[in-house]
1. Per Stokes-Einstein, at 20 °C and 1.002 mPa s, what whole-number D in µm² s⁻¹ belongs to the stretch 200-244, with the Kirkwood radius over Cα pairs as the hydrodynamic radius?
2. Could you list Thr9, Thr36, Thr188, Thr148 in order of exposure, starting from the residue whose Cβ has the fewest other Cβ atoms within 10 Å?
3. Give me P(r) over the stretch 96-252, computed from all C-alpha to C-alpha distances, binned every 10 Å, as integer percentages.
4. So for Met172, Met118, fewest C-beta neighbours within 10 Å to most, what's the order?
5. Can you bin the stretch 164-252 into rounded, prolate or oblate? Criterion: square roots of the alpha carbon gyration tensor eigenvalues sorted a ≥ b ≥ c, rounded for a/c under 1.5, prolate for a/b above b/c, oblate for the rest.
6. Give me the extension gain from Ile67 to Glu28: residue separation times 0.36 nm, minus the current Cα-Cα distance, reported in nm with one decimal.
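What follows draws every value from the coordinates through simple rules; no lab data is involved. Model, not experiment: these values are computed from the prediction. A quick note on method: Cβ atoms are made from the backbone with ideal geometry, for glycine too, and the neighbour counts reach across all protein chains shown.
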Amino acid sequence: MTGKSEPETYPETYNAGAYWGPRKESPEECARRTATFLNLLASCDPLLAQWYKPARSRKDARSVPLIPPDVPTLTELFRRGVNREKGGPAIEQLGFRFSFDNGGSGDDYASLRINGGMYSEAVSNHCALSLPSKGSNADRLLTTPVLTDVVRSMVSSWVPDWALAGSSAYRMQYREPDSAPFSLGWITYLSRRIGSVPPLPAPVRIEPVEDKGTLIVLTPERFTVANPEHVALARRVRELLSRAGLMQPATQ
């Protein structure tokens, strides 16, 4: 007789991301948005105020700083990051991409990956920020005020359809289908294009982001998948968003 298998567990790491549909933009336009974003990030926390040009090795990681952001340098990085078949021409509709980091190591590390200028229906544009998971920088960064500012910075810079900051373990354990318009985070932003957010239970906070959309903050303290009350609240909020037509019905 076989017992019921335990649910798979994942390491509690945190990240933030902004996602938007097809939007044709040039390398220069992507660079200007990136420069705006880096300047806004720098005001969120000191760790997010240092970024370096992609290097061939960790030894050279701090050789060329990207702060203060220089639009011509960023433009060239996007041009080099054009998608193409090996040895073939650029695939224009797949836009541009590049990744860079803050020169840290181990758990005390932040990195950015940007895919912009894509106008194919098959892929989505995004800006993804990986955050440190342990140590004093994580203690300072993984708070509601800081991550709220990070998400707001993403919205101001990239004007996405949705954005979030939160636990990757929660999103792995409670996966959304590939066709879902967005996933729920500790902090979630929804563009007005997606719809209107309904009233949500305490301690959830709802606040506007300029005239662009709505921010949903699940808990004032750090959200963790190890806390059953946090998970129950997230599932309840997800259900209410589904009833309001903002998410697909849950499959688990």
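1. Details: Rh = 11.4 Å.
For the chosen part, D equals 188 µm²/s.
2. Values: Thr9 11, Thr36 16, Thr188 24, Thr148 20.
The fewest-first ordering by Cβ neighbours comes to Thr9, Thr36, Thr148, Thr188.
3. Percent of pairs per bin, in order: 10, 38, 39, 13, 0.
4. Met172, Met118
5. Numbers: a/c = 1.59, a/b = 1.18, b/c = 1.35.
Oblate, since a/c reaches 1.5 and b/c is not below a/b.
6. Working: separation 39, 0.36 × 39 = 14.04 nm, distance 1.73 nm.
Using 0.36 nm per residue and subtracting the Cα-Cα distance, I get 12.3 nm.
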